[in-house]
Amino acid sequence: MDGAISKYRWNFWMAQVYRNRDYDPHLYTKLKNQTPTQKILEDITKDINRTFPSHDHFKDYNQGQQQLFSILKALSMLNEDIGYVQGMNYIVGFSLIVSGGKEEEVFWLIHFINTNPLFQWWEIYRVNFNYAKAICQVFSKNFNEYLPALYQHFQDEGISDQQYIWQWILTQFLYTFPIDRVIFFWDFILATDIFSIIKISIAFLKEFGYELIQKDIGQISEFLTGFIKDQLQIDVPKIISDAKQIVVNMTEDQKQFFQNYKPQSST
């Protein structure tokens, strides 16, 4: 939860989410040899070049990009009811970087996370985005409760969910934050559950709340889109420490939604 030892991190992540009942040693090879719809192939291909283009693992059309393409294609075949949605490329690409290019293991990490009831990550991409919207609503409730002045300032300035928390959920922070910081966010999330996205988000907003409450809509938007990744110095241990103190509260309806939620089987 406080950060894995780097040389063991990938093994820790795999061990944390491993689900023996979901493992089939032949599944990945079988899926790689199948062909999804033309639209899915086009959508994946379009996003390959956009995925961490400055990172050595994905520069030009090299082995890393081929691995990324193969995993996304296989996951789209495994989850045909969801297919491929932009945002998945960041999660798979990041996993390839952390694993050191262990293609099949990355496929299994993602699949295990997707089938684990503590996470069900791919549900955030399902048609109509009901699962992601529900997480957003829980975030908004807790944002208002923990940081009411900043929440109201965001409301007054017209800052929408799409400008920050929506992207944080759909890309697990990877679109906005430096990947060397997101590694520690993932340590925390994989040690707990998907609602830790909310805890980290509120802890981050608390850390920079004094600055944000003095900004207008344009300055906040700039902060949330480019400044975080390019210039901001983030005290990750402080954010994780604060996140651990946050208890995610829900309305009765929200509790019922997550307790009763049953993802459509993709196997």
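The values are calculated or read from the model by the stated rules, or taken from the named source; none is laboratory data. For clarity, every value in this text was computed on a predicted model and none was experimentally measured. Cβ: placed from backbone, ideal geometry, glycine included. Neighbour counts: every protein chain shown. Surface areas here come from the heavy atoms of the whole protein model, side chains and all, with no ligands, DNA or RNA. Shrake-Rupley method; radii C 1.70, N 1.55, O 1.52, S 1.80 Å.
Structure notes:
- If the condition is being small (Gly, Ala, Ser) and modelled with pLDDT under 95, then segment 162-208 contributes only ALA191.
- A single member of LYS7, LYS32, LYS39 is loosely packed, with under 11 Cβ neighbours inside 10 Å and either touching a Lys or Arg at 6+ places or on another chain (Cβ under 6 Å) or over 30 Å from PRO237 (Cβ atoms) (or both), and it is LYS39.
- Near pairs, Cβ below 7 angstrom, 6+ apart or cross-chain, from segment 135-159 (free of Cβ contacts under 8 Å to residues at least 12 places away in the same chain) to any residue that is of a type outside the set (Lys, Arg) and open to solvent by less than 10 Å² (accessible area, probe 1.4 Å): TYR151/PHE143
- Within segment 86-121, the set of residues being β-branched (Val, Ile, Thr) and open to solvent by less than 30 Å² (accessible area, probe 1.4 Å) comprises ILE91, VAL92, VAL106, ILE110, ILE113.
- Residue pairs meeting the criteria (Cβ under 9 Å; at least 6 apart or on separate chains; first touching a residue at least 24 places away in the same chain (Cβ under 8 Å), in segment 15-30; second not in a helix (DSSP H, G or I)): GLN16/ALA191; VAL17/ASN116; VAL17/LEU118; VAL17/PHE119; ARG19/ASN116; ASP22/ASN116; ASP22/THR267; LEU27/THR267
- Boolean, PHE208 is of a type outside the set (Ser, Thr, Tyr), under 18 Å from ALA132 (Cβ atoms) and open to solvent by 10 Å² or more (accessible area, probe 1.4 Å): no
- Positions within segment 211-231 being open to solvent by 30 Å² or more (accessible area, probe 1.4 Å) and assigned to a helix (DSSP H, G or I), in sequence order: GLU211, ILE217, GLY218, GLN219, GLU222, THR225, PHE227, LYS229, ASP230
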